[in-house]
1. How many percent of DSSP beta bridges within the chain run antiparallel, rounded to 5?
2. Less than 12 Å Cβ to Cβ from D165, Lys/Arg counted +1 and Asp/Glu -1: what total charge do the surrounding residues give?
3. In region 159-188, which residues have a backbone nitrogen under 12 Å from the label point lying 7 Å from D290's Cα in the Cα-to-Cβ direction?
4. Just flag the trypsin sites (Lys or Arg not before Pro) in region 265-317 sitting in loop per DSSP whose Cβ has no more than 14 other Cβ atoms within 10 Å.
5. Quick check: residue separation of E353 and N268 times 0.36 nm, minus the Cα distance between them. What number comes out in nm?
6. Does a label point 7 Å from the Cα of D338, set along Cα-to-beta-carbon, have any residues of region 259-273 with amide nitrogen under 20 Å, and which are they?
7. Quick one: check the C-alpha center-to-center distance for region 46-80 versus region 85-164, whole angstrom.
8. Which residue fluctuates the most in the chain, going by a Gaussian network model with Cα springs under 10 Å, if the choices are N31, N226, N265?
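The values are calculated or read from the model by the stated rules, or taken from the named source; none is laboratory data. Please read all numbers here as calculations on a predicted model, not as lab measurements. Glycine gets a Cβ as well: all are built from the backbone with ideal geometry, and neighbour counts include every protein chain shown. All accessible areas refer to the heavy atoms of the entire protein, side chains included, with ligands and DNA or RNA removed. Shrake-Rupley method; radii C 1.70, N 1.55, O 1.52, S 1.80 Å.
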Amino acid sequence: MSRFWNAKTTETKPYTPGEQPSAGVKYIKINTNENPYPPSPKVYEAINNSCNEELRLYPNPEGLEARTAFASANNLDVNQVFVGNGSDEVLAMAFMAFYDNLNPIMILDISYSFYPVYCKRLDVAYNTIPVNNDFTINVDRFLEPSGGVVIANPNAPTSIAICLDDIKSILEAHPNNVVIIDEAYIDFGGESAIPLIAEYENLLVVQTLSKSRSLAGMRIGFAAGNPQLIEGLDRVKNSFNSYTIDRLAIVAAKAALEDTEHFTNNVNKIIKTREYVVDELKSLGFGVLDSKANFIFITHSKFVAKDIFMYLKTKGILVRYFDLPRVSDYLRVTIGTDYEMCIFIEKIKKFIEV
Ligand SMILES: *Cc1c(COP(=O)(O)O)cnc(C)c1O
C-alpha cells in the first residue's frame with residue numbers, strides 16, 4: 001500500500017510468475033515451462049550482427065521483419081500478423097482492443113492465471129467457466145452468448161488440448177465477438193487454429209517464441225488474425241509505445257522462425273522425453289493428464305503435492321505448485337533434458353521410497 005498509488009493500482013492483484021532463482025544458485029529448473037535447449041545458433045549470429053552503431057536508431061515500429069518471418073512460416077499475409085514484447089503483452093493489448101466492461105467474456109476457471117488479472121486491470125468483465133472434473137473443457141458452455149472467449153490451447157496448467165472442430169463451433173457461436181486462442185504450447189502436439197483465420201474473421205491466434213523456440217529471454221510474441229483485428233491491436237500499441245520490440249528482438253525472431261530444422265529437432269526431443277517421463281510417473285502410481293505441451297500436470301493419490309514440491313526443492317529441483325482450489329493436489333512439471341528428467345524421476349522415487 002502506498003498513498004501514491006491510484007485506486008486501480010491499489011486493488012490490483014498482480015500475476016505471480018514462477019520463481020527465477022538468483023544468479024549462481026544452481027537448480028534443475030522445471031517450473032516455468034522454459035525450453036531446456038538453447039535457441040538456434042542463427043539467433044546468436046543475427047544478434048551479433050546487429051550489435052552495431054544502428055542501435056542508436058529506433059527499430060522499425062511495425063517489427064516488419066519479424067512479422068514477415070512469422071507470416072511466411074504460417075502461410076499468412078503480413079497484414080494478418082501482429083508482433084509484441086512477449087505474448088503476455090500481445091494478450092493484454094487484445095483484451096484492451098476487443099473487450100469491455102459491459103459484455104462479459106468467458107474464460108476457464110483453471111487456465112492461465114494472467115487472464116483474470118488483465119480483466120481486472122483493464123476493466124474487462126468476465127465469467128469463469130469451470131473445467132470438467134477431469135480438466136477437459138465443456139465446449140457447450142462456450143457456445144452461450146458472451147462478449148468474447150479466451151482459451152489456451154493446449155490449456156495451462158492442465159496441458160490438455162482441444163480439437164479444431166470444437167474451436168470452430170465456438171467461433172461460429174460468436175460471429176461478432178473475438179475468440180482468442182492462446183497457442184503458447186501448440187508446437188508440442190496440438191493442432192494450430194491458424195488455418196481457420198481465412199474462414200473466421202473473429203479468430204485471433206496468439207503464439208510466442210518463448211517456449212518452442214527457446215527465446216523466453218528475448219520477449220517475442222505474435223498474434224495472427226483478420227487484418228481488422230491486427231489494425232485494432234496496432235491502434236492500442238500506438239496509444240502507448242510505438243516500439244515494443246527492439247532491434248535485437250526483431251532479428252532474433254526472424255532467425256529463430258527461419259531455422260525450422262533446429263526448431264523441429266528440439267520439439268521432437270522434448271516430446272520424446274515427455275513420453276518417457278509420463279510412462280515412468282504412471283508406473284509410480286501418478287495420475288498424469290494427457291499432455292500436448294512441454295509440461296505435465298501430475299497428481300498422486302497417496303502423497304500430498306505440496307510435500308513433493310517442497311521435498312524436490314530441497315533436492316535442487318524446482319517444479320510449480322499452485323495453492324489454488326481444484327489444482328492443489330497437482331504439480332506442474334516442465335519437460336527438461338533427458339538428464340534433468342532422470343534426476344527428477346530418481347528424486348521422486350526416493351520420496352515415495354520405491
Ligand atoms: C508462457 C505463456 C504465455 C506467455 O509467453 P510470453 O513469454 O509472454 O510470450 C502466454 N500464455 C500462456 C498460456 C503461457 O503459458
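1. Working: 19 of 34 bridges.
The antiparallel fraction comes to roughly 55 percent.
2. Details: positive: K168; negative: D166, E172, E191.
Neighbour charge sum, excluding D165 itself: -2.
3. It comes to 160-163, nothing else.
4. The qualifying sites are K302.
5. Values: separation 85, 0.36 × 85 = 30.60 nm, distance 3.17 nm.
In short, 27.4 nm is gained.
6. Answer for this model: 262-273.
7. What the calculation gives is 29 Å, centre to centre.
8. Taking springs between Cα atoms under 10 Å, the residue moving most is N265.
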